[in-house]
Amino acid sequence: DLAPGDIALELPEAALIGGDAALEAALADLAGRGIAVLIDDFGRDQGGLVPFTRLPVAGVKIHAGFLERLHRARPRRRALRGLSGICGDLGREMVAMGVETRAEAERLRGLGCPLAQGHAFAPAMPPEELAGWLSRRAERAAG
């Protein structure tokens, strides 16, 4: 007899790109039945891992959607720490996007992501407004 735990399905990494709620539900159902799903060809050229290690880029920006509910999602925290280690080993930066509060920024810093952008620091603005914003910020900092 073949038990569910004896089965492992392979899903190409490309099939996960743009994964939706239905895909997530199907994978959760399989996991709940004890069937393992492995990501096949992980890090192949269409994925982010090979270009990230090969190309002369300064770093990565972590999408705000990945950071949502980070305080309740242990696997995401572990992935973020792991990515932080990879970035550090490669001499690359890691920037968290969509950070809304200073508390979020501190939590991310504790997980190995020292750089962040979002409304906690400044709203998005057109380039022509940047000089004025920087000037006002410098005036406030000077007291």
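The values are calculated or read from the model by the stated rules, or taken from the named source; none is laboratory data. The structure displayed is predicted, hence computed values, not measured ones. Counting neighbours? That spans all protein chains shown, and the Cβs are built from the backbone with ideal geometry, glycine included.
Report those helices (runs of 4 or more DSSP H) wholly inside region 67-143 carrying at least 2 residues which are free of Cβ contacts under 8 Å to residues at least 24 places away in the same chain, within 21 Å of Phe52 (Cα to Cα) and not aliphatic (A, V, I, L, M).
Values: elements: 74-90, 102-110, 127-142.
In region 67-143, 74-90 are the helices (runs of 4 or more DSSP H) which contain 2 or more residues that are free of Cβ contacts under 8 Å to residues at least 24 places away in the same chain, within 21 Å of Phe52 (Cα to Cα) and not aliphatic (A, V, I, L, M).
Go through region 46-72 and report how many residues are touching a Gly at 6+ places or on another chain (Cβ under 7 Å) and not assigned by TED's automatic domain parsing to the domain that holds Asp89. Don't jump to the end; show me each part of the working.
We begin by selecting, within region 46-72, every residue touching a Gly at 6+ places or on another chain (Cβ under 7 Å); these are 49-50, 64, 67.
Add one more test, that the residue is not assigned by TED's automatic domain parsing to the domain that holds Asp89, and what stays is 49-50.
Number of matching residues: 2.
Given the conditions (1) touching a strand residue (DSSP E or B) at 6+ places or on another chain (Cβ under 8 Å); (2) part of a helix (DSSP H, G or I); (3) surrounded by fewer than 12 Cβ atoms within 10 Å (Cβ to Cβ); (4) hydrophobic (A, V, I, L, M, F, W, C), report the number of the one that Phe52 does not fulfil.
(3)
Taking only region 55-66 into account, find how many residues are in a loop (DSSP other than H, G, I, E, B) and within 27 Å of Pro12 (Cβ to Cβ). First the steps, then the outcome.
Filtering region 55-66 down to residues in a loop (DSSP other than H, G, I, E, B) leaves 55-58, 63.
Next, only the ones that are within 27 Å of Pro12 (Cβ to Cβ) stay: 55, 57, 63.
Result for region 55-66: 3.
Since Val99 meets every condition but one in (1) aliphatic (A, V, I, L, M); (2) surrounded by 13 or more Cβ atoms within 10 Å (Cβ to Cβ); (3) more than 26 Å from Gly18 (Cβ to Cβ), which condition does it not meet?
The single condition Val99 does not satisfy is (3).
To keep it simple, each residue is scored yes or no on (1) polar (S, T, N, Q); (2) in contact with a Ser or Thr (Cβ under 9 Å, 6 or more places away or on another chain); (3) within 30 Å of Pro123 (Cβ to Cβ); (4) at pLDDT 85 or above.
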residue	(1), (2), (3), (4)
Glu13	no, no, no, no
Leu16	no, no, no, no
Asp29	no, no, no, yes
Arg33	no, no, no, yes
Leu49	no, no, no, no
Arg54	no, no, no, no
Gly65	no, no, yes, yes
Arg76	no, no, yes, yes
Leu108	no, no, yes, yes
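So the check is Cβ under 7 Å with 6+ separation or different chains; which pairs have a first residue in region 30-47 that's assigned to a loop (DSSP other than H, G, I, E, B) and a second one that's small (Gly, Ala, Ser) and at pLDDT 65 or above?
If the second residue must be small (Gly, Ala, Ser) and at pLDDT 65 or above, the pairs left are Gly34/Gly5; Gln46/Ala14.
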